[in-house]
Amino acid sequence: MAINNGTSWPRNGLTPVRRDNTLEQYVRRYPASCGANNTPIGIGSAVSLVGGIVVPCTAGQDPDQAGFGVVVGVYNASGRPFTQQTVKVIASGQAGQVDVLYDPNAEFVVRCEASVGYGDMLKNVTLTGGSAAASLPRIIQAVTLPASASVNDLFKFVRFDEQVDILGAGNGGLNTSAPAAGSGIIVRWNRHVFAPKSTGSN
């Protein structure tokens with residue numbers, strides 16, 4: 001088993017992981033705008049749908065505003081890919097179009113900035129970061145453990161990424177020590193427009 005137990009997981013936002021009932025028909029294109037909070041939108045962005053327009057989720061957004069999906073494709077306002085353009089995300093204050101995976105049961109791998117252990121499973125995690133490198137199509141975002149369950153509890157930590165070593169060294173037992181901050185974890189939606197909020201621990 002490959003081990004990713006250090007600070008090596010990239011801040012690539014949320015990346016969908018394989019799930020049998022995550023279906024292709026859950027991906028649709030929507031108009032998008034970064035004007036509301038000036039946070040750029042790229043592949044891996046968690047987003048909400050407000051008035052038919054996709055807007056980026058942020059760490060400080062209204063706790064009553066549920067999430068809608070995660071961006072898996074990004075285009076300019078005319079629907080053209082950013083492939084041949086210098087800026088490859090929808091920049092702050094700009095508009096464009098995005099393909100969104102809006103399946104409420106989808107699971108995502110994401111970098112966790114905090115050291116988390118087995119006792120943290122099913123706890124809420126909060127978004128952190130949200131900037132972008134103009135030359136790359138992905139958002140620079142991760143998650144961490146929040147100080148309060150009432151703040152931006154959009155996602156819940158469900159398990160470690162398969163590359164994190166969960167076996168004890170040489171003894172076949174479970175390693176209950178927490179992977180280092182910066183490891184990849186798997187999260188699911190905790191507060192999604194198509195699913196009721198789970199009241200799990202913070």
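The values are calculated or read from the model by the stated rules, or taken from the named source; none is laboratory data. Small disclaimer: the values here were computed from a predicted structure and weren't measured. Here Cβ is always computed from backbone atoms with ideal geometry, including for glycine, and neighbour counts include all displayed protein chains. Areas reflect the complete protein model, heavy atoms only, side chains present, ligands, DNA and RNA absent. Shrake-Rupley method; radii C 1.70, N 1.55, O 1.52, S 1.80 Å.
The figures follow:
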read-out: Qualifying residue in the range 75-98 (condition: open to solvent by 60 Å² or more (accessible area, probe 1.4 Å), assigned to a strand (DSSP E or B) and of a type in the set (V, I, T)); value: no
read-out: The range 39-61 residues that are within 23 Å of T86 (Cα to Cα), paired with ones that are in a loop (DSSP other than H, G, I, E, B) and of a type in the set (V, I, T) (beta carbon under 7 Å, 6 or more apart); value: T39/T58; P40/V89; I41/V89; G42/V89; P56/T39
read-out: Among the candidates Y30, Y102, residue that is over 18 Å from R188 (Cα atoms), modelled with pLDDT of 90 or more and among the hydroxyl-bearing types (S, T, Y); value: Y30
read-out: Matching residues, the range 31-74, being open to solvent by 30 Å² or more (accessible area, probe 1.4 Å), aliphatic (A, V, I, L, M) and not in a loop (DSSP other than H, G, I, E, B); value: I43, L49, V50, I53, V72
read-out: Counted residues, the range 103-130 - those being under 13 Å from A46 (Cα atoms), buried (at least 20 other Cβ atoms within 10 Å of the Cβ) and over 12 Å from the mean Cα position of the chain (by Cα); value: 1
read-out: In the range 100-144, the residues that are part of a loop (DSSP other than H, G, I, E, B), among the aliphatic types (A, V, I, L, M) and closer than 23 Å to A66 by Cα; value: A106, M121, L122
